[in-house]
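A.B. asks: Here it is, the structure, as structure tokens.
No value in this document is a laboratory result; all are computed from the given coordinates. Predicted model, so just to flag it, every value in this text is computed and none were measured. All Cβ positions, even for glycine, are placed from backbone atoms using ideal geometry, and neighbour counts span all protein chains on display.
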Amino acid sequence: EKVKVVAPATLSNLGSGFDVFGMALSEPFDIIEARKTSEPGVIIESVEGWGAEVITLDAALNSTGVAAAEVLKKSNADFGIAFNIKKGFRPGSGIGSSGASAAGGAVAANLLLKNKLPPRDIVACAAESERVTSGSFHADNVGPCVLGGFTVIRCYEPLELKKITPPKNLGVVVVMPSFTVKTLDARTVIPKQVKLSDMIYEVGNASSLVLGMCSGDVDLIGKSMTDIVVEPSRSKLNPGLMDAKKAAIEAGAAGSFLGGSGPCVIAIFDNSLTDGKPILDAMLDSYKRANIAVDKTWIT
Ligand code: HSE
């Protein structure tokens with residue numbers, strides 16, 4: 001018995017929602033193939049595609065392997081799984097590469113179990129995999145990867161997520177510089193404490209962003225992506241970030257933010273007003289001026 005899962009890239013944080021907000025993209029994506037084995041346990045038979053050379057085949061350390069093993073354990077499964085993984089985007093991208101592989105592994109395992117576990121548990125199993133590979137239990141990539149759309153993590157303990165369908169006219173530009181950032185490193189530079197005035201600022205923006213998602217107000221979403229706590233602390237790991245964001249806004253983006261821990265920089269726009277190309281061009285110009293190579297871009 002075999003299943004095939006398409007696991008999309010995801011935006012996390014969206015500025016003001018550190019570890020809380022996430023949104024699924026339509027591309028790029030990983031393709032995870034899973035086959036039931038009579039031998040218990042998880043094996044990773046192959047990893048191909050973008051960045052495959054840095055991904056371990058050791059199932060105990062591989063994002064897909066860890067997530068699937070969690071699902072099998074939680075459901076007391078009496079079988080094992082062999083995986084073949086095709087990476088559509090590289091690790092260290094800031095658009096949920098490990099999250100996609102983890103979520104894909106958890107969903108595939110659950111499909112082989114005839115969907116025995118509810119979606120919330122699948123997200124939790126995939127987030128456990130994020131803990132192993134990035135050192136922190138964060139579900140803001142795996143949440144939207146499993147559920148689709150825009151997700152809010154209301155609470156981590158116990159895990160509770162809410163899903164909102166984003167407005168149809170919400171366009172997204174993704175620019176991926178060619179350097180990589182490890183989430184593990186990017187989590188060591190963030191402040192351990194937050195001033196009350198900063199907390200007030202973040203809560204105001206985060207709640208307004210959700211309001212924008214619910215009411216279909218792309219301008220409000222964009223304006224509310226401002227983050228004065230986490231993103232500035234990561235700018236030293238992400239050269240060109242501030243200028244690329246500024247260029248995006250000047251070219252008409254509603255908002256711009258650092259994708260996860262970086263290096264992808266994201267801009268959002270109203271796709272009933274523009275196709276996003278002028279925004280992408282402005283961001284690319286900004287990286288060119290800074291002499292920073294860009295690997296790939298998407299407009300979705
Ligand atoms: N919320 C996480 C972070 C996402 O920013 O560290 C990492 O992909």
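A.B. asks: Sort 12-20, 179-187, 199-207, 257-265 by the packing proxy (mean of other Cβ within 10 Å over each peptide's residues), most packed first.
C.D. replies: 257-265, 12-20, 179-187, 199-207
A.B. asks: Bins of 5 Å, beginning at zero and ending with the bin holding the largest distance: percent of Cα pairs per bin for segment 49-142, please.
C.D. replies: Here the calculated profile for segment 49-142 is 3, 16, 28, 25, 18, 8, 2, 0.
A.B. asks: Wrap a convex hull around the Cα atoms of segment 80-223, take a quarter of its surface area, and give that in square nanometres. Could you put the intermediate results ahead of the total?
C.D. replies: Numbers: hull surface 42.5 nm².
With every direction weighted equally, the projected area is 10.6 nm².
A.B. asks: Work through the residues other than residue 162 whose Cβ is under 12 Å from its Cβ and net out their charges, Lys, Arg +1 and Asp, Glu -1. Before the final figure, lay out the partial values.
C.D. replies: Numbers: positive: 120, 154, 163; negative: 160.
Summing Lys/Arg as +1 and Asp/Glu as -1 gives +2.
A.B. asks: Would you work out if segment 173-243 is rounded, prolate or oblate? Take a ≥ b ≥ c from the square roots of the eigenvalues of the alpha-carbon gyration tensor; rounded if a/c is under 1.5, else prolate when a/b is larger than b/c, oblate otherwise.
C.D. replies: Working: a/c = 2.57, a/b = 1.32, b/c = 1.95.
Because a/c hits 1.5 or more and a/b fails to exceed b/c, segment 173-243 counts as oblate.
A.B. asks: Once the Cα gyration tensor of segment 8-52 is found, what semi-axes does its equivalent ellipsoid get, as square roots of 5 times the eigenvalues, in whole Å, sorted largest first? The partial results should precede the final answer.
C.D. replies: On the way: eigenvalues 184, 42, 18 Å².
Ellipsoid half-lengths, sorted descending, are 30, 14, 9 Å.
A.B. asks: To the nearest 500 deg cm²/dmol, what mean residue ellipticity at 222 nm is calculated for the chain from DSSP H runs of n ≥ 4 alone, each contributing -39,500 (n - 2.57), summed and divided by the residues? All intermediate terms of the calculation are to be shown ahead of the outcome.
C.D. replies: Working: 10 runs with 108 residues, N = 300.
When only DSSP H runs of four or more count, the value is -11000 deg cm²/dmol.
A.B. asks: Restricting attention to segment 75-160, which chymotrypsin sites (Phe, Trp or Tyr not before Pro) occupy a DSSP loop and are surrounded by at most 15 other Cβ atoms within 10 Å?
C.D. replies: Values: sites: 79, 83, 89, 137, 150, 156; in loops: 79, 89, 137, 156.
Those satisfying the criteria are 79, 156.
A.B. asks: Provide the net charge surrounding residue 228, with neighbours chosen by a C-beta distance below 9 Å and charges set as Lys +1, Arg +1, Asp -1, Glu -1.
C.D. replies: Working: positive: none; negative: 198, 202, 227, 231.
Its environment carries a net charge of -4.
A.B. asks: Which of the lysines could a cross-linker span from residue 277 if the Cα-Cα distance has to be under 19 Å and same-chain partners fewer than 8 positions apart are dropped?
C.D. replies: Those lysines meeting the cut-off are 168, 245, 246, 288, 296.
A.B. asks: Separate question: Which distance in Å, rounded to a whole number, links the C-alpha centroids of segment 165-187 and segment 1-47?
C.D. replies: Spelled out, the Cα-based centre of one part sits 16 Å from the other.
A.B. asks: In the P(r) worked out for segment 205-295, what percent of Cα pairs fall beyond 19 Å?
C.D. replies: 39 percent
A.B. asks: Can you divide the C-alpha Rg of segment 1-160 by 2.2 N^0.38 Å and report the result to two decimal places? List each step's numbers first, then the result.
C.D. replies: Values: Rg = 14.0 Å, N = 160, 2.2 N^0.38 = 15.1 Å.
Segment 1-160 yields a ratio of 0.93.
A.B. asks: Filter the trypsin sites (Lys or Arg not before Pro) in segment 74-162 down to the DSSP loop ones having no more than 11 other Cβ atoms within 10 Å, then list what survives. Can you show the working numbers first?
C.D. replies: Working: sites: 74, 86, 87, 114, 116, 120, 131, 154, 162; in loops: 114, 116.
Counting only loop positions with at most 11 other Cβ atoms within 10 Å, the trypsin sites (Lys or Arg not before Pro) in segment 74-162 are 114.
A.B. asks: Determine the equivalent ellipsoid of segment 7-91 by diagonalising the alpha-carbon gyration tensor, then write out the semi-axes as square roots of 5 times the eigenvalues, largest first, rounded to whole Å.
C.D. replies: Working: eigenvalues 133, 57, 23 Å².
Semi-axes (√(5λ), whole Å): 26, 17, 11.
A.B. asks: Another question, if that's okay. Give me the Å³ per residue figure for the convex hull around the C-alpha atoms of the chain. Intermediate results must be reported in sequence, preceding the final value.
C.D. replies: Details: hull volume 34.8 nm³, N = 300.
Considering the Cα atoms of the chain, their hull volume per residue is 116 Å³.
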